[in-house]
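Visitor: This is the structure I have questions about; it appears just below.
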Amino acid sequence: MKHKRKLMIVLAILMIWMSVIACATVQTHSGWIGKSVPGKISYTYTKFTGIERGNIEAKAGQTLNLTYDVKIKRGRVFIQLIDPQNRVLWNVALKDNQSDSVEIPLELEGNYPLIIRGENTSGSFEVTWIVK
């Protein structure tokens, strides 16, 4: 009986520990300086692994003018725009310094999440947008 009780306690602790690990999102932000405001996300960092998000509200038929300037010392940065139906509308994968401006037609009304994901990267990014 005593052995069964110990086994149950160990299993309960193991299940709780596995739940915590499964639910945790691993993100690293080191030397993280910048801001996220409507229309602009801009950060400089020594290490960034994780996700930074922005939300863009639009009406059907509008156009998004998106500009990015990414400086990469190491690692990679991905920028994605998701439409209101949770489909990737536009994306770019970067491993070197790059700047660009794009015009993206927005066919649906609603919220367009902008996702900036870093993979063990060092450097900076500035993403600005305006909906017309």
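Visitor: Please work out which residue is nearest to residue 35 (Cα to Cα), limiting yourself to segment 94-124 and to residues that are in a strand (DSSP E or B) and charged (D, E, K, R).
Guide: Once the filter is applied, the top-ranked residue is 117.
Visitor: In addition: Scan segment 105-126 and give yes if some residue there is over 15 Å from residue 61 (Cβ atoms), loosely packed, with under 15 Cβ neighbours inside 10 Å and free of Cβ contacts under 8 Å to residues at least 12 places away in the same chain, otherwise no.
Guide: No; the residues of segment 105-126 include none that is over 15 Å from residue 61 (Cβ atoms), loosely packed, with under 15 Cβ neighbours inside 10 Å and free of Cβ contacts under 8 Å to residues at least 12 places away in the same chain.
Visitor: Which one of 88, 131, 92 is of a type in the set (A, V, I, L, M, F, W, C) and loosely packed, with under 15 Cβ neighbours inside 10 Å?
Guide: None of the other options fit; the residue is 88.
Visitor: Out of all the residues in segment 21-59, which are small (Gly, Ala, Ser), at pLDDT below 75 and touching a strand residue (DSSP E or B) at 6+ places or on another chain (Cβ under 7 Å)?
Guide: Hit for segment 21-59 is 30, nothing else.
Visitor: Specify the residue that is nearest to the chain's Cα centre (by Cα); the eligible residues are those in segment 69-89 that are among the hydrophobic types (A, V, I, L, M, F, W, C) and over 17 Å from residue 126 (Cα atoms).
Guide: So the residue we want is 82.
Visitor: Still on this structure: Kindly check whether there is at least one residue in segment 81-90 that is polar (S, T, N, Q) and under 15 Å from residue 129 (Cβ atoms).
Guide: Looking for residues that are polar (S, T, N, Q) and under 15 Å from residue 129 (Cβ atoms), one finds none in segment 81-90, hence no.
Visitor: Further, regarding this structure: On the basis of being at pLDDT 95 or above, over 12 Å from the mean Cα position of the chain (by Cα) and among the hydrophobic types (A, V, I, L, M, F, W, C), does residue 66 make the cut?
Guide: yes
Residues are listed down the side, and each one gets a yes or a no for (1) in a strand (DSSP E or B); (2) loosely packed, with under 13 Cβ neighbours inside 10 Å:
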site	(1), (2)
29	yes, no
36	yes, no
41	yes, no
46	yes, no
51	yes, no
55	yes, yes
60	no, yes
65	yes, no
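The values are calculated or read from the model by the stated rules, or taken from the named source; none is laboratory data. It should be emphasised that the depicted structure is a prediction, and the values quoted were computed from it without experimental measurement. Cβ: placed from backbone, ideal geometry, glycine included. Neighbour counts: every protein chain shown.
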